[in-house]
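What follows is a set of notes on a single structure, which appears directly below.
What follows is calculated from the coordinates using simple rules that are stated; it is not laboratory data. Since this is a predicted model, take the numbers as computed values, not measurements. So basically every Cβ, Gly included, is an ideal-geometry build from the backbone, and we count neighbours across all protein chains shown.
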Amino acid sequence: MKSFLTTAPSAKRQLSPDPQPTSDGDDEPTEVKLALLSSLYAGIEQETLLDFLLAHNGSVLRASEAIQLGKNCHEQEKKSSIGIGYQQSLRQYATLSRDSSTPPTRKKKTKTISKRGTTLHLYDPEDVAEHTPCTIIHNFLRADEANELLKELLHESKSFEKTTFKLFDNVVSSPHTSSFFVESSEELTAQKSEYYYNGSQLTDVRRITPQLAAVKPKVQDAVNKQIQHRIETRYPDGKKLRYQSPNPWVPNSAFVNCYDGAQQNVGWHSDQLTYLGPRAVIGSISLGVAREFRVRRVVPKDGDGDTSTGVDSDAEGQISIHLPHNSLLVMHAEMQEEWKHCVTPAPSIDPHPIAGNKRINITYRDYKPRFHPRFTPRCGCKVPCVMRVVQRKRENFGKYFWMCHAGNVPGKQGCSFFQWAEFDDDGNPVELRKSRDGKPHPP
């Protein structure tokens with residue numbers, strides 16, 4: 001049985017005939033439970049056995065029953081070769097719950113199954129929804145529709161540009177190319193003259209293409225359904241998150257990225273919320289070559305140093321979501337504030353019959369009129385500020401603030417402007433609170 005963690009396989013030895021655990025072992029530490037299961041199922045890696053234990057609330061007996069059932073089923077099934085992006089679900093570990101006759105209810109708080117220093121790989125949509133702030137839909141578009149969209153954007157990508165910006169006083173460029181698409185000529189002009197990204201204005205802004213426009217209503221409908229489903233099944237009391245907009249998600253722009261080859265990537269980051277507002281939702285379509293999309297939770301630290309526990313460290317472990325051709329990934333309202341994501345370089349890739357070694361990624365976004373640059377603060381550099389959220393300091397975790405980002409532009413220096421941002425429960429801006437004595441204070 002495959003492990004879901006990228007660790008070296010353990011040595012195999014012959015199993016004893018028909019082993020059975022003698023007790024549930026609930027009072028034993030996890031190490032003892034793992035040792036017991038390892039003695040019974042030496043051919044299965046410890047990380048997989050740990051998944052079984054977690055799925056059965058630490059019960060050795062029930063975990064053993066589930067393993068045995070899985071082995072029996074596996075022996076009866078024929079081996080099949082399936083493409084990248086699919087794998088058996090973690091839910092197979094919970095098939096023998098003694099409460100299985102109970103009607104389904106709202107999900108309890110999900111246990112942390114990530115582990116610092118390893119990468120948990122998820123393929124099944126239910127696993128992705130359970131353990132990450134995302135949902136995924138495979139085969140989202142008709143095959144011919146997805147291929148036409150891919151061909152159109154491959155043609156567009158020939159003239160995509162790399163983004164250049166300043167990072168720690170060094171001028172760097174993005175390790176992939178991209179362009180920005182809007183719906184009208186008026187919006188195109190506004191994006192080039194009024195909106196700022198990394199302290200400067202975009203030069204490559206384009207009108208939405210016919211296929212992008214044709215697909216947009218389907219993305220909008222699917223994302224809104226997933227938002228409502230997540231609220232009803234995953235969020236506390238079945239209510240939207242604080243600052244999350246109650247209005248329908250309406251995509252009116254799209255960043256399109258092209259990753260040409262296995263080494264093109266994007267590092268760990270959260271998407272800019274300046275024009276989307278707090279608790280933003282993003283719909284992302286993947287076309288062409290399948291790549292890994294990794295996420296990790298951001299765990300805040302105390303102000304006087306790193307006092308994180310082992311549980312905190314495990315919570316920051318990487319989770320890999322495999323994105324095959326023609327998949328829609330919904331990044332939900334908790335994603336940008338509480339998690340970071342990246343596309344890592346791949347050791348190798350399987351070429352796509354149309355795209356070759358390229359992956360096209362479309363991120364549809366809902367730009368809010370109330371976050372237009374004319375309504376947001378300007379710093380001492382006379383540039384619209386960027387909105388960020390406190391992620392690392394526990395005392396202010398989740399608070400939003402405005403700051404200068406003109407210093408991100410090569411050859412320019414920014415200013416020290418800082419201002420807390422305030423919103424009502426629906427994410428609408430309220431009067432901004434000034435720093436005491438007019439002096440900026442870091443978050």
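The residues packed around ILE208, meaning those with a beta-carbon under 9 Å from its beta-carbon, carry a net charge of +2 if Lys and Arg are +1 and Asp and Glu are -1.
Which shape class applies to region 135-370: rounded if a/c is under 1.5, otherwise prolate when a/b exceeds b/c and oblate if not, where a ≥ b ≥ c are the square roots of the Cα gyration tensor eigenvalues? It comes out rounded by the Cα gyration axes.
Using C-alpha pairs under 8 Å with a sequence gap of at least 6, the mean separation divided by the residue count of region 135-370 gives a relative contact order of 28 percent. Summing Cβ point charges (Lys, Arg +1; Asp, Glu -1) relative to the Cα centre of region 135-370 gives a dipole of roughly 400 debye.
Computed on region 375-438, with alpha-carbon pairs under 8 angstrom and 6+ residues apart, the relative contact order is 23 percent.
Between amide H atoms placed 1.01 Å from N, distances below 5 Å from GLU422 occur with VAL430, ARG433, all of them 5 or more places distant or on a separate chain. Phi angles of region 333-347 translate, via the Karplus equation with coefficients 6.51, -1.76, 1.60 and θ = phi - 60°, into HN-Hα couplings of 5, 8, 5, 6, 7, 10, 9, 10, 9, 7, 10, 7, x, 9, x Hz per residue; Gly and Pro are given as x. Using a/c under 1.5 as the rounded threshold, could you call region 177-230 rounded, prolate or oblate? The axes a ≥ b ≥ c are square roots of the C-alpha gyration tensor eigenvalues, and prolate needs a/b larger than b/c, oblate otherwise. Since a/c reaches 1.5 and a/b is larger than b/c, the shape of region 177-230 is classed as prolate. The ranking of ILE67, ILE231 by Cβ neighbour count inside 10 Å, starting from the fewest, reads ILE231, ILE67.
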